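One structure below.
The values are calculated or read from the model by the stated rules, or taken from the named source; none is laboratory data. Keep in mind that what you see is a predicted model, and the values were worked out from it rather than measured. Ideal geometry is used to build each Cβ from the backbone, glycine not excepted, and the neighbour counts take in all protein chains shown. What goes into the accessible areas is simple: the full protein's heavy atoms, side chains included, and nothing from ligands, DNA or RNA. Shrake-Rupley method; radii C 1.70, N 1.55, O 1.52, S 1.80 Å.
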Amino acid sequence: MDTNSLSMLEFPRVRERLANYTSFTAGRELALALQPTSDAGHVQLLLKQSAEARRLLSVRPDFHIGEAHDVREDAARAGKGVSLDPLTLLQVQKTLAACRVARNGLQKISADLPALWGVAQDITVLPELEGEIGKCLSPAGEVLNSASAHLADVRWRLRDTRRQLQDRL
């Protein structure tokens, strides 16, 4: 469909209204990028996914993506070898946890929601990375002694030196 026709149908406003219902940056981007299609098979799949999503929310109104954050740029930076700060790593951990919980939840009811499971089954879960971040950082973003044996040793020596200095004073 041409741009003029879409404009006359106020399709950009429809996309914007849809995007206002999203709670996640990537979802908003997908909503704003929607384009009409004449592919009947694709339309049928999208309608089925929408119907299943409505059914899921009517049966499990508490179903959500948790504390997921848009970590795409952070993941790209990390992929280039850039170190991420502790608070960003916590956002990555929360996003990994949200992905795991959402995928596992949809897997349990995949027989009832095959179109949604078709999307969710492609979610990669990384429990090892999620656990490693949890092992190294406190919920407040502080680096824990368990992050490395060397860090634990340095902190222990620092405490011991501080105690010795206080004793001398």
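Looking at Gly134, Gly141, Gly105, which is the one that is at positive phi, out of contact with any Gly (no Cβ under 8 Å at 6 or more places or on another chain) and not β-branched (Val, Ile, Thr)?
Gly141
Might you check whether a residue that is aliphatic (A, V, I, L, M), within 30 Å of Leu47 (Cα to Cα) and under 12 Å from the mean Cα position of the chain (by Cα) occurs anywhere in region 70-88? Yes, some residue in region 70-88 is aliphatic (A, V, I, L, M), within 30 Å of Leu47 (Cα to Cα) and under 12 Å from the mean Cα position of the chain (by Cα). Of the residues making up region 119-129, just one is without any contact (Cβ under 8 Å) to a residue 24 or more places away in the chain and open to solvent by less than 80 Å² (accessible area, probe 1.4 Å), namely Ala120. Under the condition of being outside any helix (DSSP H, G or I) and modelled with pLDDT of 90 or more, the residues counted in region 1-16 number 2.
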